[in-house]
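Data block below; observations after.
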Amino acid sequence: MRFRTRAIHVGQKRDPATGAVVPPIHVATTYVLPAPGQAARFDYARSGTPNRTALEETLCSLEGGCGALAYSTGMAAIHGVTMLLSSGDHILAGCDIYGGTYRLFHKVLPASGIRVSLAPSTDIDRFAEALRPETRLVWLESPGNPLLSITDIKACAELAHRHGAWVVVDNTFATPVLTRPLELGADIVVHSATKYLGGHSDALGGVVVVSDRQLWERLYFLQNATGAVMGTLETFLISRGLKTLDLRVREQCRSAHRIAQFLANHPSVERVYYPGLDSHPGHELASRQMSGLFGAMLSFEVTGGSAEAQRVATRTRLFQLAVSLGAVESLIEHPATMSHASYDAQDRQAHGISDNLLRLSVGLEDPDDLIEDLEQALAEGGPV
Ligand SMILES: *Cc1c(COP(=O)(O)O)cnc(C)c1O
């Protein structure tokens, strides 16, 4: 079966008791056992539920893995993966990563003796130089956040494996519609399911998909032992979201490409970061690694500095000023004060996250309306 068919049918079995085509939502927290000490398919809801198992089956199929786990949030999934490490281990991460991941890596993990450094994963030689003997985990995002940098996942996976490190790809921006990191050699894929997988700004969740059954067993043990599982209602909403993932992402990518072209030709825009534009340094790699589409996230720098960027962000009407991304509603945000405020200012500067940068998450509205909205927001002296 192909991707779209699997998104609708794998794991999502009709209810045998009633014939309902949508699996029922099981709210029970505990399950009857055949006898004391005898295992059953389900026993206690932290350890597993029919709805969570169904979602995990769908996700596993879409990412091409051999096991998946659904967490309460994307950060819980990311934290769950870092629990594989112990004191003295090192994480090497790319430079433009999610602000919350940066915060976990720099402000939480060091207390457990885990060290983290950032290096440009887009430059394989410089990235290789940043590996240390104790590097156990290589952390990648492609496209990166918020600069949409493109990393060669296959090359980084080969590098990391020669070094004996696991490769984790946060695939939230690309989604398995555009990139399937496990097929490119990654060991673990993580997602904030809150974003494209759910797709409607109404459910928090996180996902891990792995390429190896033993790794799944270890992560399952850690998740069950620490408890950050996805809630039942969220599980239902994310499963529903997945059924339209392919259609949503493809259409949102088409709109984003048009918007990127519009912005690239706008006199008040200094620079556009979108891997679909020929001018993007990762364009050629993205053409190979992203199924011919380039994602629905893009960033741009406006003339007039931080004040003008903040003015534009408050003048759009359809693009709502909010963090998060990947839903049917278009959003605009100012990374320096919002999604990437948890970066140290000098790291923001060193990695090119400038104060006049704005980031867009392109939704499913009519792209002509979205372009008109940006046009009026960028116009000089227009209504506030
Ligand atoms: C939002 C996000 C996360 C964190 O997910 P939550 O569900 O908010 O905890 C991680 N990575 C990326 C790329 C994200 O956009």
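A few remarks follow.
- Elements of type strands (runs of 3 or more DSSP E) contained in region 144-212, each with 1 or more residues being open to solvent by 10 Å² or more (accessible area, probe 1.4 Å) and either among the aliphatic types (A, V, I, L, M) or touching an Asp or Glu at 6+ places or on another chain (Cβ under 7 Å) (or both): 166-170
- Every residue from region 331-347 that is assigned to a loop (DSSP other than H, G, I, E, B) and touching a helix residue (DSSP H, G or I) at 6+ places or on another chain (Cβ under 6 Å): His334, Ser339, His340, Ser342, Tyr343
- Lone unmet requirement of (1) touching a residue at least 12 places away in the same chain (Cβ under 8 Å); (2) farther than 12 Å from Ala313 by Cβ for Gln346: (1)
- Near pairs, Cβ below 9 angstrom, 6+ apart or cross-chain, from region 367-380 (closer than 15 Å to Thr303 by Cβ) to any residue that is in a helix (DSSP H, G or I) and open to solvent by 20 Å² or more (accessible area, probe 1.4 Å): Leu374/Phe262; Ala377/Arg311; Ala377/Thr314
- Considering residues of region 241-266 that are more than 18 Å from Thr179 (Cα to Cα) and outside any helix (DSSP H, G or I) only, the residue least open to solvent (accessible area, probe 1.4 Å): His266
- Inside region 101-140, residues that are open to solvent by less than 10 Å² (accessible area, probe 1.4 Å) and either in contact (Cβ under 8 Å) with a residue 40 or more places away in the chain or not assigned by TED's automatic domain parsing to the domain that holds Met75 (or both) make up a count of 7.
- Tally of residues being more than 16 Å from the ligand (Cβ to nearest atom) and assigned to a strand (DSSP E or B) across region 295-319: 3
- Considering region 79-115, the residues that are of a type in the set (Ser, Thr, Tyr) and part of a helix (DSSP H, G or I) include one that is farthest from Leu69 (Cα to Cα), namely Ser112.
- The listed residue being more than 21 Å from Met83 (Cβ to Cβ) and touching a Cys at 6+ places or on another chain (Cβ under 7 Å), out of Pro133, Pro146, Pro120: Pro120
- Residue within region 331-338 that is closer than 14 Å to Ala296 by Cα and among the hydrophobic types (A, V, I, L, M, F, W, C) present: yes
The values are calculated or read from the model by the stated rules, or taken from the named source; none is laboratory data. This structure is a prediction, so every number in the text was calculated from the model and none was measured. With ideal geometry, Cβ positions are generated from the backbone for all residues, glycine too; neighbour counts draw on all protein chains shown. These accessible areas exclude ligands, DNA and RNA; they are computed on the full protein's heavy atoms, side chains included. Shrake-Rupley method; radii C 1.70, N 1.55, O 1.52, S 1.80 Å.
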